[in-house]
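Where a number appears in this text, it was derived from the coordinates with a stated rule and is not lab data. Nothing here was measured: the structure is a model prediction, and the numbers come from that model. Virtual Cβ from ideal backbone geometry, glycine too; neighbours counted across all protein chains shown.
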Amino acid sequence: MARKMVDCRTMPSEINCTLTIAGEEDEVLDAAVMHAVAKHGHEDTPEFRQELRGALADAEPALA
């Protein structure tokens, strides 16, 4: 399965967050939602999860 990533620097943020999360799609989505709720004040809703899923980008393979 292809790795995905989300980078807070590409999202509007009042705290100028620089976190990047990468891994398998479902892992990244879960971690990104937890981060967005805890640090950015978002609510964990199906609509928000769908919005975040749409923001995921392909990630370069990690080096061994």
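Some notes on this structure:
- Added length on full extension, which subtracts the Cα-Cα distance from 0.36 nm per residue, ARG9 to ASP26: 4.1 nm
- Dipole magnitude of the chain about its Cα centre (Cβ charges: Lys, Arg +1; Asp, Glu -1), debye to nearest 20: 180
- Projecting the Cα atoms of GLN50, GLY23, SER13 onto the charge dipole of the chain (Cβ charges, centred on the Cα centre) puts SER13 farthest toward the positive pole.
- Ranked by how many other Cβ atoms sit within 10 Å of their own Cβ, fewest first, the residues LEU29, LEU19 fall in the order LEU19, LEU29.
- Cβ crowding within 10 Å, taken as a proxy for footprinting-reagent exposure, orders CYS8, CYS17 from fewest neighbours to most as CYS17, CYS8.
- Under the simplified labelling scheme, the LEU19-HIS40 pair shows an inter-label distance of 0.9 nm, with each label point 7 Å from Cα along Cα→Cβ.
- Across the stretch 32-38, computed HN-Hα scalar couplings (Karplus, 6.51 cos²θ - 1.76 cosθ + 1.60, θ = phi - 60°) run 5, 5, 4, 5, 4, 5, 5 Hz from first to last residue, x flagging Gly and Pro.
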